[in-house]
Amino acid sequence: MAKVVIVNSSFRNNSNSSELGLRVAEGARNKGHEVTVIDISRLRIEPCRGCEGCHQPKSKGCVVKDDMQPLFPLVREADVIIYVSPVYWFTLCGQIKQFIDRCYSVAVQPEHKEPSPFSTKKLGLVMTYGDEDPFNSGCVNALRSVQDTCLFTGATWAGAVYGSATDPGDIRSNAALMEKAVKFGESL
């Protein structure tokens, strides 16, 4: 049984990306995984300051005191982290990017002397976008961003599920994609 953390970043009520993320959670639970869904859209998550305070001797982690602090233990303990994001301006939305940036304090070891704690984790991605084409929409940029995070931290790429939908809730009419999201969750 894996500990799966699904990080939802959509502000929209009844959002398409959130719906896909919930289907992934359903699939993971079907396989007996312990699943925690975090909705970061209403949390106060400050940007990473690049201060390196998290990597100083005797550091207790990120020095920024905000709503990210209670999430760090979940990130540390997770076997699988799935980022859920709508595609805004051709890449990940700002909320999920802020969350990922702040995970620097957990994922990167000072001077790379030890393996990253992320080297034992899987990272995946759930996205929705307005265009029919994943290249024109920017979906491919978001995919590459998380795949590059895997390369940098040594995490394993778990895969992605994504599709096109514009109005809130539209994604539910795509039965094949809903089933694909469940199967993705089961594959974790």
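So the values come out like this:
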| item | result |
| --- | --- |
| Unmet requirement for VAL80, which otherwise passes all of (1) open to solvent by 60 Å² or more (accessible area, probe 1.4 Å); (2) at pLDDT 95 or above | (1) |
| Residue count for the range 157-188, restricted to those that are open to solvent by 70 Å² or more (accessible area, probe 1.4 Å) and either part of a helix (DSSP H, G or I) or among the polar types (S, T, N, Q) (or both) | 9 |
| Residues of the range 73-96 satisfying the condition of being under 22 Å from ALA165 (Cβ atoms) and either free of Cβ contacts under 8 Å to residues at least 12 places away in the same chain or of a type in the set (Ser, Thr, Tyr) (or both) | TYR83, SER85, TYR88, THR91, GLY94 |
| Complete set of residues in the range 92-108 that are over 24 Å from GLY185 (Cβ atoms) and open to solvent by 40 Å² or more (accessible area, probe 1.4 Å) | GLY94, GLN98, ASP101, TYR104 |
| Pick from the range 109-123, criterion buried (at least 21 other Cβ atoms within 10 Å of the Cβ) and of a type outside the set (D, E, K, R), ranking: modelled with the highest pLDDT | LEU123 |
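The values are calculated or read from the model by the stated rules, or taken from the named source; none is laboratory data. Worth saying up front: this structure is predicted, and the values here are computed from it rather than measured. Don't worry about glycine lacking a Cβ; one is built from the backbone with ideal geometry, like all the others, and counts go over all protein chains shown. Just the protein is used for accessible areas: all its heavy atoms, side chains included, with ligands, DNA and RNA removed. Shrake-Rupley method; radii C 1.70, N 1.55, O 1.52, S 1.80 Å.
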